[in-house]
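Input: a single structure, listed below in structure tokens.
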Amino acid sequence: MAASKRDDTAEGGTVGKALGVLDQVAAAGRPVKFSELLDASPYPKATLYRFVQTLLGQGMLAYDSERQTYSLGIRLVRLAHAAWAQSSLAPIARPHVDALAAAAGETVHLAQLDGGQVLYVDKRNAAQPIEMYSSAGKVGPAYCTGVGKAMMAFLPDDELGAVLARQSYHRFTATTLSSEAELRAELKDIRARGYSFDRQEHEPGIICVAAPILTSSGRMLGALSVTSSTGRTDLGALEELVPDIKATATAIAREAQTWRFPEETKSFEMTGV
């Protein structure tokens, strides 16, 4: 019994597992049937059903009886709006992101680190949008994106080690960095230069230049990037926008000096319960 409790705690317990089911529904990007959830679930049918029913009861999932599908619940919409307002750089950065997008004429991304991944918290499309993976609210890899590398380069050493350990180093394209050693070498260059590039590392044809958003004390808050395609421009032309990107990042940081993104809480085991 004790071993079972330790395993359950290590995986986040009941709440963590239920949140995993929510993540599964969200990742589908569309309403899903219970059988689809079960096919990809690590839990037995009865356990998964119990989680789903609990989430339904709490308004975190919604059920369409006609199509027999599950989707994210309206309560999550309310929570998402509250999180965006309280925990995201987006409300503070909005006018600055708008101004940079207008001046650059290209797509602008605002991002923060979420564990070891990039969370895109805002995006402004160019007048002539380019199809790409990113969108506000989406999560992407840190090791092969301009914003991800810009943020990692300015993390304290202990935090950087934890983030690097979470990278998958999957090779998306021929230019993707595929090892921690390669990434560390690039981060060293980025820290010295003050900005980063995405050299088609996540998506073919997609390039960007990005800069970190740092407080006056050097605390990393997030990152800002200008993104385009190789069919429209090149990295040299995007690099000319670095002064504007850095000035925008400084303006955002100035308004966010006392703001702090909620830190990931470390799990702990309760005793005597």
key: Selection within region 235-245 - within 20 Å of LEU89 (Cα to Cα) and buried (at least 17 other Cβ atoms within 10 Å of the Cβ)   = ILE245
query = If only one of ALA185, ALA247, ALA251 is among the hydrophobic types (A, V, I, L, M, F, W, C), in contact with a His (Cβ under 7 Å, 6 or more places away or on another chain) and either in the same structural domain as GLY161 (by TED's automatic domain parsing) or under 19 Å from MET152 (Cα atoms) (or both), which one is it?
reply = ALA251
ask   = Which condition number does VAL121 fail, the rest of (1) surrounded by fewer than 22 Cβ atoms within 10 Å (Cβ to Cβ); (2) closer than 18 Å to THR248 by Cβ being met?
value = (1)
remark   = Restricting region 197-219 to residues that are aliphatic (A, V, I, L, M) and farther than 12 Å from VAL147 by Cα, the one surrounded by the most Cβ atoms within 10 Å (Cβ to Cβ) turns out to be ILE206
request  = Look at ALA28 and say whether it is assigned by TED's automatic domain parsing to the domain that holds MET152 and closer than 29 Å to VAL147 by Cβ.
outcome  = no
key: Count - residues of region 124-160 that are more than 18 Å from the chain's Cα centre (by Cα), surrounded by 12 or more Cβ atoms within 10 Å (Cβ to Cβ) and outside any loop (DSSP other than H, G, I, E, B)   = 0
query = Any idea which of (1) in a loop (DSSP other than H, G, I, E, B); (2) crowded, with 18+ Cβ neighbours inside 10 Å is the one TYR169 doesn't satisfy?
reply = (2)
message = So for region 71-88 (the condition being crowded, with 16+ Cβ neighbours inside 10 Å, assigned by TED's automatic domain parsing to the domain that holds GLN24, modelled with pLDDT of 90 or more and assigned to a strand (DSSP E or B)), does at least one residue qualify?
response = yes
query = Does region 92-112 include one or more residues that are exposed (fewer than 14 other Cβ atoms within 10 Å of the Cβ), within 18 Å of PRO212 (Cβ to Cβ) and of a type outside the set (Ser, Thr, Tyr)?
reply = no
message = I need the helices (runs of 4 or more DSSP H) fully contained in region 1-49, keeping only those with at least 1 residues that are modelled with pLDDT of 90 or more.
response = 13-28, 34-40
request  = Hey, can you tell me all the residues within region 220-232 that are within 18 Å of THR145 (Cβ to Cβ) and either modelled with pLDDT under 95 or not polar (S, T, N, Q) (or both)?
outcome  = MET220, LEU221, GLY222, ALA223, LEU224, VAL226
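The values are calculated or read from the model by the stated rules, or taken from the named source; none is laboratory data. It should be emphasised that the depicted structure is a prediction, and the values quoted were computed from it without experimental measurement. Positions of Cβ are backbone-derived with ideal geometry, glycine not excepted, and every protein chain shown enters the neighbour counts.
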